[in-house]
Structures are given as structure tokens and as C-alpha cells.
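Report on the structure given below.
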Amino acid sequence: MRIQREQTREEHLEVSIHLHGILRDKLSPAAKGRATLTLAAGATVADLLAQLDVQRRVVVAINGRSYAEAVTMLQDGDQVVVYTPVGGG
């Protein structure tokens, strides 16, 4: 039984997310743009965005490092911030 629990932990990972701007609408209003998500081990930024149904161009920072690529693999305990790019002129 203990082995199964260890395998389950290895098969999944949890990440904390913080969504900014219009992306906050992807979560309930009570969440205020913050949540913890469980993903399959080996999940990437693209997998996270797909689970959240984000279909627009976004900027992703993981653990304070900006501009994570869609293929970046997530690790258990990562803190992920997602926001829309800011344009100016």
C-alpha cells in the first residue's frame, strides 16, 4: 500500500498559480486569481494553460523567472504567474 502512495505522488505534481488581469476570470471570483492545481508528472507550461483553457498570448513566470516557454516542464511546488503582455506606444 505504501508503494502505491509513493507512485501516486510521482505521477502527479502540484503547482501554485496566480493569474493576472482578464485571466483571473478562469477561476472563481472567490479565488482572486490564485489556486493550486494538480497536474500529471511531466506536465509542461502548455499543459497548464490547456487545463485553464487559456487561448490567448500570455507571459508565464515560474518561481520568479520570467518568460517560461510552452515546453518548459513544471516541477512539484512551482509557483507559476500568468499574465497578458503589456503593450505600449
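The values are calculated or read from the model by the stated rules, or taken from the named source; none is laboratory data. Fair warning: this is a prediction, and the values are worked out from it, not measured in the lab. When we count neighbours, we look across all protein chains shown, and the Cβ atoms used for this are built from the backbone with ideal geometry, even at glycine.
Tabulated data for the structure shown
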{"item": "First in the stretch 21-41 and among the β-branched types (Val, Ile, Thr), second anywhere and modelled with pLDDT of 95 or more, Cβ under 8 Å, 6 or more apart", "result": "THR36/GLU14; THR36/VAL15; THR36/SER16; THR36/ILE17; THR38/LEU13; THR38/GLU14"}
{"item": "So SER66, is it out of contact with any Cys (no Cβ under 9 Å at 6 or more places or on another chain) and at pLDDT below 95", "result": "yes"}
{"item": "Residue match in the stretch 24-42 (condition: outside any loop (DSSP other than H, G, I, E, B), under 10 Å from VAL81 (Cβ atoms) and within 9 Å of the chain's Cα centre (by Cα))", "result": "no"}
{"item": "Matching residues, the stretch 66-84, being part of a loop (DSSP other than H, G, I, E, B) and aliphatic (A, V, I, L, M)", "result": "ALA68, ALA70, VAL71, LEU74"}
{"item": "Selection count where residues are in contact (Cβ under 8 Å) with a residue 24 or more places away in the chain and surrounded by 15 or more Cβ atoms within 10 Å (Cβ to Cβ), scope the stretch 48-72", "result": "6"}
{"item": "Single residue of the stretch 43-65 satisfying the filter (in a loop (DSSP other than H, G, I, E, B) and of a type in the set (A, V, I, L, M, F, W, C)) that is farthest from ASP25 (Cα to Cα)", "result": "ALA43"}
{"item": "Hits in the stretch 73-89 (condition: within 20 Å of HIS12 (Cβ to Cβ) and loosely packed, with under 12 Cβ neighbours inside 10 Å)", "result": "GLY77"}
{"item": "The one condition in (1) at pLDDT 95 or above; (2) out of contact with any helix residue (DSSP H, G or I) (no Cβ under 6 Å at 6 or more places or on another chain) that GLU6 fails to fulfil", "result": "(1)"}
{"item": "All positions within the stretch 34-47 that are small (Gly, Ala, Ser), surrounded by fewer than 17 Cβ atoms within 10 Å (Cβ to Cβ) and touching a strand residue (DSSP E or B) at 6+ places or on another chain (Cβ under 9 Å)", "result": "ALA35, ALA40, ALA41, GLY42"}
